[in-house]
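J.: Got a structure here, written out as structure tokens. Questions coming.
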Amino acid sequence: MSEPPRKRMVKPPSGGLEEGRGKPARLKTAKDRTPSQQAWLNRQINDPFSAKARAHGYRSRAAYKMTELDDRLKLLKPGARVIDLGLAPGGWTQVAIERGVTNIVGVDLLPVDPLPPAHILEMDFTDPECGPKLIELLGGLPDVVLSDMAPNTVGHKRTDHLRIMGLIEAAADFAITVLRPGGAFVAKAFQGGETADVIALLKRHFTEVKNLKPKASRADSSEVYLIATGFKG
């Protein structure tokens, strides 16, 4: 006598793709999360760029912002020296290495898993000792300074704004101090963030300054990127 057919314990694929297509995912529990945290996590889970980054081994969706910027501006070239400010978790550095950059140094307050051949410094960028250490690790002056830095917010709009602007200005001052002639500077900024003074500063030291918003930046985000090229030295 034959045995009855066994039930399948695994359902067949429903047609969703590796890069995040299919029905939106939902968090199983909202325990101990604020509504804003819950909304952020739901958005992160269902964001197509986040899903694509996971599928392709990038550490963050920010990798696609750098990919788009570099496709347009051709900043990351083999042989270039690059400094990545606020690199955690490492998406921009991953793209730079992918595009042939072998001489790259990054810094962040947070620990970052190794990304050879990059040198990674766990340190506060605003520490006066940080800049010289970055140059020492790089072995010379950079051709490109990247900054995706963002401060920890405290929830007070004016205070948070001042901290954001302080980091942008510090990154710009650093780039102007250390870049080789012809070099480039890329920094995250925010629309309506009173960046006029920083843009004016960059225009004095670079031949071209522009704002770009990559497609990988969320439509509801005010973030833009300041791109300064042709450092005058």
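The values are calculated or read from the model by the stated rules, or taken from the named source; none is laboratory data. None of these values were measured; they are calculated from a predicted model. Here Cβ is always computed from backbone atoms with ideal geometry, including for glycine, and neighbour counts include all displayed protein chains. When the accessible area is computed, the model is the full protein with side chains, heavy atoms only, and any ligands, DNA or RNA have been set aside. Shrake-Rupley method; radii C 1.70, N 1.55, O 1.52, S 1.80 Å.
J.: Here is a check on your reading of the model: is Thr67 under 16 Å from Lys188 (Cα atoms), open to solvent by 20 Å² or more (accessible area, probe 1.4 Å) and out of contact with any Asp or Glu (no Cβ under 7 Å at 6 or more places or on another chain)?
T.: Yes.
J.: A follow-up question, please. Just name the residue that is farthest from Leu146 (Cα to Cα) out of those in the range 80-109 that are in a strand (DSSP E or B) and touching a Pro at 6+ places or on another chain (Cβ under 7 Å).
T.: Arg81
J.: Next question, about the same structure. Looking at Leu146, Leu137, which one is under 20 Å from the mean Cα position of the chain (by Cα), surrounded by 16 or more Cβ atoms within 10 Å (Cβ to Cβ) and either in the same structural domain as Leu87 (by the TED database) or of a type in the set (Lys, Arg) (or both)?
T.: Among Leu146, Leu137, only Leu146 is under 20 Å from the mean Cα position of the chain (by Cα), surrounded by 16 or more Cβ atoms within 10 Å (Cβ to Cβ) and either in the same structural domain as Leu87 (by the TED database) or of a type in the set (Lys, Arg) (or both).
J.: I've got another one for you. Considering only residues of the range 181-198 that are at pLDDT 95 or above and part of a loop (DSSP other than H, G, I, E, B), which is least open to solvent (accessible area, probe 1.4 Å)?
T.: Gly183
J.: Applying the selection to the range 110-138, what residues are assigned to a strand (DSSP E or B) and not β-branched (Val, Ile, Thr)?
T.: Answer for the range 110-138, where residues must be assigned to a strand (DSSP E or B) and not β-branched (Val, Ile, Thr): His119, Leu121, Glu122.
J.: If you scan the range 199-226, which residues turn out to be in a strand (DSSP E or B) and open to solvent by less than 10 Å² (accessible area, probe 1.4 Å)?
T.: Phe206, Tyr225, Leu226
J.: Is it the case that Ile168 is modelled with pLDDT of 90 or more and either loosely packed, with under 14 Cβ neighbours inside 10 Å or out of contact with any Ser or Thr (no Cβ under 9 Å at 6 or more places or on another chain) (or both)?
T.: It is false that Ile168 is modelled with pLDDT of 90 or more and either loosely packed, with under 14 Cβ neighbours inside 10 Å or out of contact with any Ser or Thr (no Cβ under 9 Å at 6 or more places or on another chain) (or both).
J.: While we're here: In this structure, does Arg99 turn out to be more than 16 Å from Ala175 (Cα to Cα), among the charged types (D, E, K, R) and over 13 Å from the mean Cα position of the chain (by Cα)?
T.: yes
J.: What is the one condition in (1) closer than 24 Å to Glu223 by Cα; (2) open to solvent by 10 Å² or more (accessible area, probe 1.4 Å); (3) in contact (Cβ under 8 Å) with a residue 40 or more places away in the chain that Val112 does not satisfy?
T.: Condition not satisfied by Val112: (3).
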